[in-house]
Amino acid sequence: MLSLKNYFKKTKKPAREPSPGMFLAICLLLILVTGCNINPTPPTPEITGSIEGNVFEPTSPVTQGMVLLSGALVSVSGTSNTALTDTSGYFKIDEIPVGEQTVTISKDGFVSLTLEDVSIIEGEITLLGGGDQE
């Protein structure tokens, strides 16, 4: 009777720990499955335009002339887009968000000029010149 009792007695088997190789395989599988995007959506390109022009320094009121100003900083408010005018006073800034923008022109020793509501149109170049928007 004792032997039958031992025969039917339920015994607990000790839990087996997964091998390091199995653990690594499961981790790699999870990384691959969660890191894969079957239909990735490309980022939407930002719609932009450009500005370009020349910056002039007003000369004597008697001569009513204008001198091209080099080394002036031209910046677009709310963006990191800036340019320095070259020796001919020319500048160009690309990748400006479409819409009404504020452009500031400054140089040490000169009064800064702020142009508000400069229209930036998709894929087009807005011309600025002589301190006035054209």
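Read-outs: derived from the displayed coordinates by stated rules, not from any lab. Given the structure is predicted, the values throughout are model-derived calculations rather than measurements. Heads up, the Cβs are rebuilt from the backbone with ideal geometry, glycines too, and the neighbour counts pull from every protein chain shown.
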Separation in nanometres of the label points that stand 7 Å from Cα toward Cβ, at Glu52 and Ser112
2.6
Can you list the residues, at least 5 places off or on another chain, whose amide H is less than 5 Å from the amide H of Leu68, using H built in the peptide plane?
Glu57
Given backbone amide H placed at 1.01 Å from N, residues whose amide H is under 5 Å from that of Gly53, ignoring those fewer than 5 places away on the same chain, are Phe91, Leu128
Taking the mean number of other Cβ atoms within 10 Å as a proxy for protection, how do you rank 90-98, 77-85, 109-117 from highest to lowest?
90-98, 77-85, 109-117
Starting at the first residue of the range 111-120, write each ³J(HN,Hα) from the Karplus equation 6.51 cos²θ - 1.76 cosθ + 1.60 with θ = phi - 60°, in whole Hz, x for Gly and Pro.
6, 5, 10, 10, 10, 9, 6, 7, 7, 9
